[in-house]
1. Take ASP44 and decide whether it is surrounded by fewer than 16 Cβ atoms within 10 Å (Cβ to Cβ) and assigned by TED's automatic domain parsing to the domain that holds VAL22.
2. Out of (1) of a type in the set (Gly, Ala, Ser); (2) more than 19 Å from ASN121 (Cα to Cα); (3) modelled with pLDDT under 95, what's the single condition that is false for SER53?
3. Mind telling me which of the residues VAL30, VAL76 ends up being modelled with pLDDT of 95 or more and touching a strand residue (DSSP E or B) at 6+ places or on another chain (Cβ under 8 Å)?
4. Output the residue which, of all residues in the stretch 1-27 that are among the hydrophobic types (A, V, I, L, M, F, W, C) and within 9 Å of the chain's Cα centre (by Cα), is modelled with the lowest pLDDT.
5. Assuming GLN173 fulfils every condition listed in (1) in contact with a strand residue (DSSP E or B) (Cβ under 8 Å, 6 or more places away or on another chain); (2) more than 26 Å from VAL23 (Cα to Cα); (3) modelled with pLDDT of 55 or more apart from one, which condition is it?
6. Output the residue which, of all residues in the stretch 100-135 that are of a type in the set (A, V, I, L, M, F, W, C) and not in a helix (DSSP H, G or I), is surrounded by the most Cβ atoms within 10 Å (Cβ to Cβ).
7. Out of LEU72, LEU92, LEU138, report the one residue that is outside any loop (DSSP other than H, G, I, E, B) and surrounded by fewer than 20 Cβ atoms within 10 Å (Cβ to Cβ).
8. Only one of these conditions is not met by LEU79: (1) closer than 28 Å to SER113 by Cβ; (2) without any contact (Cβ under 8 Å) to a residue 60 or more places away in the chain. Which number is it?
Amino acid sequence: MAARNKASGKRATGVHQPIATVVGVVFLLVGIAGFIPGITTNYDMLELAGHESGAELLGIFEVSVLHNVVHLLFGVAGLALARSESTAVAYLLGGGLIYLLLFVYGLIVDMDSAANFVPVNDADNWLHLALGIGMLALGFVPGRSRSRSDTNRTTTAPGGRDRPADADRDPKQVGRAHGDSGRPGREDLSDRQRRQGRGRS
């Protein structure tokens, strides 16, 4: 099992962690934009919740205070869960499922009824479908931990002690990898010559 890179002192970064971070930042920006007049049209019609809210983000997506807060919470959750690979994957997969459920909710709810409390319109529904599929796809991307340096990696021995990754390699191969020719030194040659001289005498 690969251990933490002691030379760099930094944890390996998983593939899904930066993805979850980017998704979280996007949700935060969308949530903030929902409270900015101009970016959100009919801002004076922004309601706490319900289909009576006439505000539209970018003039397309129906929003309310509740809708904007949901985006902000998704953003905060993305940044918080991006700290580890396993939670980043859980965020992407869980968020994808939630948005697919919102898509189904938007299809079956009467948009002019009190049940449309988020609220959503047709544009929101298609956006939620795209978000659900996109987050699930990103969550299923094959992951592999990456460390800053591959030269000083260590492995964990059966006794729980760390040892260099090249401990199991042939000493001659290790020597060549570090610039050592693997030939005997001068002291070894001189000792061998002495022994040969004694044998002749």
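The values are calculated or read from the model by the stated rules, or taken from the named source; none is laboratory data. No experiment lies behind these values; they were computed from the predicted model shown. Reconstructed Cβ throughout: ideal geometry from the backbone, glycine too, with neighbour counts over all protein chains shown.
1. Yes, satisfied.
2. (2)
3. From the options VAL30, VAL76, the qualifying one is VAL30.
4. Residue satisfying both the conditions and the ranking: VAL15.
5. Looking at each condition in turn, GLN173 falls short on (1).
6. Taking the candidates together, the pick is VAL120.
7. Result of the check over LEU72, LEU92, LEU138: LEU72.
8. Only one criterion is unmet by LEU79, namely (1).
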